[in-house]
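Before any comments, here is the structure.
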Amino acid sequence: MKKTRIAAVTLVSLSLAALVACSRAPNHPYRKGIDSAPEVRAPDRIQESFTAIQGSPLPLSVQDERFVAIRKDALDKEFLLHGSMIPQTEMPTSRGLQARVVAFHRVGDQLFLLEATRGHVVTRDVSASLILAEIPILRETRELIVMDFNAGMRQAFIASNWKGSESETNGKPQYEDDRKVLKVRHSFLEKVRTVDVAAGNYLEIHQLAQMEGSRFDIEERGEVSTAQTVGIRYYLTPYRPNPDFQPRE
């Protein structure tokens, strides 16, 4: 089991190291459809966008809770969200989750976690947005918005990847949807921290969650509810595509 955990940590470390290398790469010409447009490009340092809060942002609340705060000038900027899911029973083995280009968008007293539509739409002629989560705002200052990330992430996107295929079914190209979700029954944040550029340049969030599921039970002759506790690791970094990537027609 130790070897399994070491392998999982190594994979995460290598992934984060690759992201840091991209963020440090020299400037290159803007590539439309690949790089973030200047108006949505996130600041280079993660601490310029997010703050980890230990303790309650509200009066008369428990003091050991953990929250995430986002700077207002980081709203509607593009970040890379990726993570892993680790079952807490049997043999805990990390499973990587689909990486997504996301942005936090404010509407009234709520924050919406939106996913960029690149790779999901055939044309950009019509405006489109993909909603991943609605996150409550707990408190705000002139510069910061404190969000309840745990309450907002009441469902986990469990797809490990998405793909298209040139083979056809009923005359249409096959497409595997990457928005399969599991509902969260109960959860809390175990850890929230920002890591500086020298060590990785990311926001790290650990959520412990009981997931809702079902299975067919022969004795009961039908579906029965199940519950599985998993550890979910979320990582947010400034979105920086590989500067050496060259698209081909």
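The values are calculated or read from the model by the stated rules, or taken from the named source; none is laboratory data. All of these numbers come straight from a predicted model, not from anything done at the bench. Cβ atoms come from the backbone with ideal geometry, glycine included; neighbour counts cover every protein chain shown. Keep in mind that these areas ignore ligands, DNA and RNA; they rest on the heavy atoms of the full protein, side chains included. Shrake-Rupley method; radii C 1.70, N 1.55, O 1.52, S 1.80 Å.
At-a-glance table
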| item | result |
| --- | --- |
| Residue count for the range 67-80, restricted to those that are within 17 Å of M147 (Cα to Cα) and open to solvent by 20 Å² or more (accessible area, probe 1.4 Å) | 6 |
| Qualifying residues in the range 137-180 (those that are polar (S, T, N, Q) and at pLDDT 85 or above) - the one least open to solvent (accessible area, probe 1.4 Å) | N150 |
| Enumeration of residues in the range 81-106 that are surrounded by fewer than 18 Cβ atoms within 10 Å (Cβ to Cβ) and assigned to a loop (DSSP other than H, G, I, E, B) | Q88, T89, E90, M91, P92, T93 |
| So K183, is it open to solvent by 40 Å² or more (accessible area, probe 1.4 Å) and at pLDDT 75 or above | yes |
| Members of the range 196-212 that are under 30 Å from S225 (Cα atoms) and surrounded by fewer than 21 Cβ atoms within 10 Å (Cβ to Cβ) | H206, L208, Q210, E212 |
| Considering residues of the range 224-249 that are out of contact with any Lys or Arg (no Cβ under 7 Å at 6 or more places or on another chain) and farther than 29 Å from K77 by Cα only, the residue modelled with the lowest pLDDT | S225 |
